[in-house]
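First the structure, in the form of structure tokens, and then the observations on it.
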Amino acid sequence: MENLHVSDNKRYLMKGSETFFWLADTGWLIFGNISEEEAYNYLKNRADKGFNVIQAVLVYSTKELESVNKMYWGGADRINDEEYWQHVERIIKMADKLGLYMALLPSWGSLLKNNLITSENVLVYGRFLAERLEKYSNIIWVLGGDIKADNYVEIYRKLGRYFKEKMPDKLITFHPFGRCASSMWFADDSWLDFNMFQSGHRRYDQCNLGAWDDTDNPSYYGEDNWKYVKNDYLVSNKPTLDAEPSYEWILQGLHDNTQPYWKAKQVRRYAYWSVFQGACGHTYGDNAVMQFYKEGCNGVNYGVVCEWEEALHHEGSGQMQYLKKLMESVDFINGKASDSLVVGGQREKHARIAVFAGQNFVFAYDYLGEEFELDTSDYEGRDMWWMSPVT
């Protein structure tokens, strides 16, 4: 597989001379929670459904963090376990054969919060990873891991600069805390090739829940994940994408099991909204799959409704490919958000009509299925189609 790079217009990703539409699945705990046979079944399922990237964390937990990172069912000291790293490499090779890139987090953010990774030892770990994994062309490096970088900016910068020096052919980005974006800390950093934001798992009315994952981010957009794309392009001349929107079959707000679940319809909305605003792709997630949940596992599971092998077949995961195929059917690298084509002006919240247009095409996405009027005067003589994002 070829290494990826950023397009000349700084808005999209390329694979050689071809545009690359990022369609990722969150398989955060693939290395720690399942066997290699299970990992192959998972990767094959995702490849068959059109996914081309898997987001995964190399070290999610250690013995010191067993009481903190409760989605991990192991307990071994992964950083010093040679057998584990051989296991990691075999899964990376599996993904490569299936045409999948692995977007790898060196660690979850909690390892920095708990001083297990520090400014003094981060390059020791970074050197270990570079020497071990730089030979794989299907790797993308993702720093962070559900964390605000405020107190750790220099640690991440040190690791990012080191990775870019040692592996200049690998893309590097940063996965932030919920309702935050990597551009909040690293907008102009040369080692960061593209931005990620985490629009998160909350409704418009769930800004503050009195929970550990509340944020004082003044740019709280609720469910309007397209606003992160718009803001990123104002502050950073780099591609961007939603690396963690609401997962399918996860509780709305995460913490209260009396709340409803996010379903396939909402999952699709986040994808079309952000991509039609100009995101370079999208990341899908399923609650049971991202943690590879099995019956009887203790710990935080956010209201999981089934085991991961059943969740592989949740409908939303099979519907993401239709957006990818739609984008790949046109010259999307030269398209842009085109709200001005909505006659009468853009609408708010769920009534929004997301519009993305290029010289020879216009896409319009209507979440509520309400009537709207579109100015197509520049496209006379073109065919017009209605497409169901379900099928």
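The values are calculated or read from the model by the stated rules, or taken from the named source; none is laboratory data. In this text the structure is predicted, and so the values were computed from the model without any measurement. Don't worry about glycine lacking a Cβ; one is built from the backbone with ideal geometry, like all the others, and counts go over all protein chains shown. To get the accessible areas, we keep the full protein, side chains included, count just its heavy atoms, and leave off ligands, DNA and RNA. Shrake-Rupley method; radii C 1.70, N 1.55, O 1.52, S 1.80 Å.
Taking all protein chains into account, the per residue accessible area for segment 212-298 stands at 32 Å² (1.4 Å probe). Please give the net charge around residue 127, taking every other residue with its beta carbon less than 12 angstrom from that of residue 127, where Lys and Arg add +1 and Asp and Glu add -1. Residues near residue 127 contribute 0 overall. The phi-based Karplus calculation (6.51 cos²θ - 1.76 cosθ + 1.60; θ = phi - 60°) puts the 3J(HN,Hα) values of segment 332-346 at 5, 5, 10, x, 7, 4, 9, 4, 5, 7, 7, 5, x, x, 5 Hz, whole numbers, x for Gly and Pro. Label positions at residue 5 and residue 207, each projected 7 Å from the Cα along the C-beta direction, are separated by 4.4 nm. Dividing the mean sequence gap of close Cα pairs (under 8 Å, 6+ apart) by how many residues the chain holds gives a relative contact order of 15 percent. Each peptide in 277-290, 105-118 was scored by the mean count of other Cβ atoms within 10 Å over its residues; highest first, the order is 277-290, 105-118.
Close amide-amide hydrogen proximity is noted between residue 140 and 102, 103, 104, each under 5 Å apart and 5 or more residues distant or on a separate chain (H modeled in the peptide plane; Pro and chain starts excluded). The aspartates and glutamates within cross-link reach of residue 238, meaning a Cα-to-Cα straight distance under 12 Å and a gap of 8 or more places when in the same chain, are 8, 188, 189, 193. Considering only alpha-carbon pairs that sit under 8 angstrom and 6 or more positions apart, the relative contact order computed for segment 206-307 is 27 percent. Each of the peptides 375-383, 81-89, 177-185 was scored by the mean count of other Cβ atoms within 10 Å over its residues; in descending order, highest first, they stand as 177-185, 81-89, 375-383. Protein heavy-atom surface of segment 108-176, 1.4 angstrom probe: 46% of the accessible area is carbon and sulfur, with nucleic acids and ligands not counted. Residues whose amide H falls under 5 Å from that of residue 374, counting only those 5 or more places apart or on a different chain, are 343, with hydrogens built in the peptide plane. When a 1.4 Å probe is rolled over the protein heavy atoms, the share of accessible surface on segment 1-64 that falls to carbon and sulfur comes to 42 percent. The GluC sites (Glu not before Pro) of segment 291-379 that DSSP puts in a loop, and whose beta carbon has at most 12 other beta carbons within 10 Å, are 295, 348, 370, 371, 373. Dividing the summed helix terms, -39500 (n - 2.57) for each DSSP H run of n ≥ 4, by the number of residues in the chain produces a 222 nm estimate of -8500 deg cm²/dmol to the nearest 500.
Count the net charge of all other residues whose Cβ sits under 13 Å from the Cβ of residue 298, scoring Lys and Arg as +1 and Asp and Glu as -1. Present the calculation step by step, with values, prior to reporting the outcome.
Numbers: positive: 70, 294; negative: 66, 295.
Here the count lands on 0.
The phi-based Karplus calculation (6.51 cos²θ - 1.76 cosθ + 1.60; θ = phi - 60°) puts the 3J(HN,Hα) values of segment 316-325 at x, 5, x, 9, 5, 4, 6, 5, 4, 5 Hz, whole numbers, x for Gly and Pro.
What the Cα convex hull of segment 102-206 gives, in volume per residue, is 100 Å³. Pull out a ≥ b ≥ c, the square roots of the eigenvalues of the alpha-carbon gyration tensor of segment 70-141, then state rounded if a/c is under 1.5, prolate if not and a/b is larger than b/c, and oblate in the remaining case. Because a/c hits 1.5 or more and a/b exceeds b/c, segment 70-141 counts as prolate. Rounded to the nearest 20 debye, the dipole size of segment 288-371 about its Cα centre is 300 debye, using +1 on the Cβ of Lys and Arg and -1 on the Cβ of Asp and Glu.
Placing a pseudo-label 7 Å from each Cα along the Cα-to-Cβ vector at residue 93 and residue 64 gives an inter-label distance of 3.3 nm. Between the C-alpha center of segment 217-293 and that of segment 142-172 there is a gap of 22 Å.
Which links in 15/265; 93/324; 93/148; 15/113 stretch past 28 Å when you go from one Cα to the other?
Check vs 28 Å cut-off fails for 15/265; 93/148; 15/113.
What does the charge count around residue 316 come to, taking other residues whose C-beta lies under 10 Å from its C-beta (Lys +1, Arg +1, Asp -1, Glu -1)? Around residue 316, the surrounding residues sum to 0. Give the carbon-plus-sulfur fraction of the accessible surface of segment 222-307 in %, rounded to a whole number; probe 1.4 Å, heavy atoms of protein chains only. Here carbon and sulfur together make up 46 percent of the probe-accessible area. The label point for residue 334 and the one for residue 294, both projected 7 Å from the Cα toward the Cβ, are 5.2 nm apart. Its Cα centre serving as origin, the chain has a Cβ charge dipole (Lys and Arg +1, Asp and Glu -1) of approximately 500 debye.
Full extension of the segment from residue 41 to residue 131, taken as 0.36 nm per residue of separation minus the current Cα-Cα distance, would add 29.6 nm.
For segment 15-23, the Karplus equation 6.51 cos²θ - 1.76 cosθ + 1.60, evaluated at θ = phi - 60°, returns couplings of 10, x, 9, 9, 5, 10, 8, 5, 10 Hz by residue, with Gly and Pro reported as x.
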